[in-house]
Amino acid sequence: NAGVMQNPRHLVRRRGQEARLRCSPMKGHSHVYWYRQLPEEGLKFMVYLQKENIIDESGMPKERFSAEFPKEGPSILRIQQVVRGDSAAYFCASSPVAGIRVNEQFFGPGTRLTVL
Amino acid sequence: AQSVTQLDSQVPVFEEAPVELRCNYSSSVSVYLFWYVQYPNQGLQLLLKYLSGSTLVKGINGFEAEFNKSQTSFHLRKPSVHISDTAEYFCAAERSNDYKLSFGAGTTVTVRA
């Protein structure tokens, strides 16, 4: 059973470009979470999605950031018009269920975004 | 909001020596607590978790942690480390019936021969 997959592992963009980060959850998992790790900081929750639904995006910046998890295919975190402050490691996690009982979130290797 | 503090950013340790990584959390409600390890260029892997019950939790690779409610701490320990334990370690908390994990800033453990 393959783990959570993220690609690309490293992404370099110039200011103003768009960044697309992809996450394929573990087989059988229908819940996806995105976290961001800024330099010298811990991971910060961004968004929680189920298939075709955004459940909680309270950690997402209001502008330029969006996320989706379509019925088919990976979850996508999209950052438009990137700025240097977007440089960070972006981690995706997945779980089979969420909510009432604690379910372990399985993490991918992360995408390291560098904005020049 | 949940807050997790890892008191040490860097911990150098010699092989076969013991190590303790400190973690404190702040919460007025019940929480679940976790320790994750991140090896270079890999994702986070769960070491252990505290949900309820016994305050001493044993995890993989010989690690254990003790939940101390009065001190709001969840320190991670290993009695004898190996070179392969060199990694970054993250403490995390999740409020009961929530799903968002709050992470500490991480502790980098470097094991030397």
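Which members of segment A:7-19 meet the condition of being closer than 13 Å to residue A:89 by Cα and surrounded by 14 or more Cβ atoms within 10 Å (Cβ to Cβ)?
Once the filter is applied, which keeps residues that are closer than 13 Å to residue A:89 by Cα and surrounded by 14 or more Cβ atoms within 10 Å (Cβ to Cβ), segment A:7-19 yields A:7, A:11, A:19.
One line per residue, one yes/no per condition, for (1) within 28 Å of residue A:111 (Cα to Cα); (2) more than 12 Å from every other protein chain (Cβ to nearest Cβ):
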| site | (1), (2) |
| --- | --- |
| B:12 | yes, yes |
| B:36 | yes, no |
| B:40 | yes, no |
| B:56 | no, yes |
Quiz item: Name the residues in segment A:15-53 that are basic (Lys, Arg), free of Cβ contacts under 8 Å to residues at least 24 places away in the same chain and within 11 Å of another protein chain (Cβ to nearest Cβ), would you?
Solution: A:44
Quiz item: Is it fair to say residue A:12 is more than 17 Å from residue B:43 (Cα to Cα) and within 14 Å of chain B (Cβ to nearest Cβ)?
Solution: no
Quiz prompt | Filter result (surrounded by fewer than 20 Cβ atoms within 10 Å (Cβ to Cβ) and either closer than 30 Å to residue B:113 by Cβ or at pLDDT 95 or above (or both)) within segment B:88-102 | solution = B:88
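Of these, A:85, A:28, which one is in a loop (DSSP other than H, G, I, E, B), more than 20 Å from residue B:38 (Cα to Cα) and among the small types (Gly, Ala, Ser)?
Only one candidate passes the filter, namely A:28.
Okay, residues lined up against (1) in contact (Cβ under 8 Å) with a residue 24 or more places away in the chain; (2) within 26 Å of residue A:4 (Cα to Cα); (3) surrounded by fewer than 15 Cβ atoms within 10 Å (Cβ to Cβ):
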site: B:10; (1), (2), (3): yes, no, yes
site: B:16; (1), (2), (3): yes, no, yes
site: B:39; (1), (2), (3): yes, yes, yes
site: B:53; (1), (2), (3): no, no, yes
site: B:67; (1), (2), (3): yes, no, no
Exercise. Within segment A:54-77, work out how many residues are within 14 Å of another protein chain (Cβ to nearest Cβ) and part of a strand (DSSP E or B).
Key: 3
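Select from segment B:56-74 the residues that are among the hydrophobic types (A, V, I, L, M, F, W, C) and assigned to a helix (DSSP H, G or I) and list them in ascending order. Quick ask: steps written out before the conclusion?
Applying the first criterion (among the hydrophobic types (A, V, I, L, M, F, W, C)) to segment B:56-74 yields B:56-57, B:60, B:63, B:65, B:67, B:74.
The answer is B:60, and nothing else.
The values are calculated or read from the model by the stated rules, or taken from the named source; none is laboratory data. Owing to the predicted nature of the structure, the values given are computational and were not obtained by experimental measurement. Note: ideal-geometry Cβ built from the backbone for every residue, glycine included; neighbour counts use all protein chains shown.
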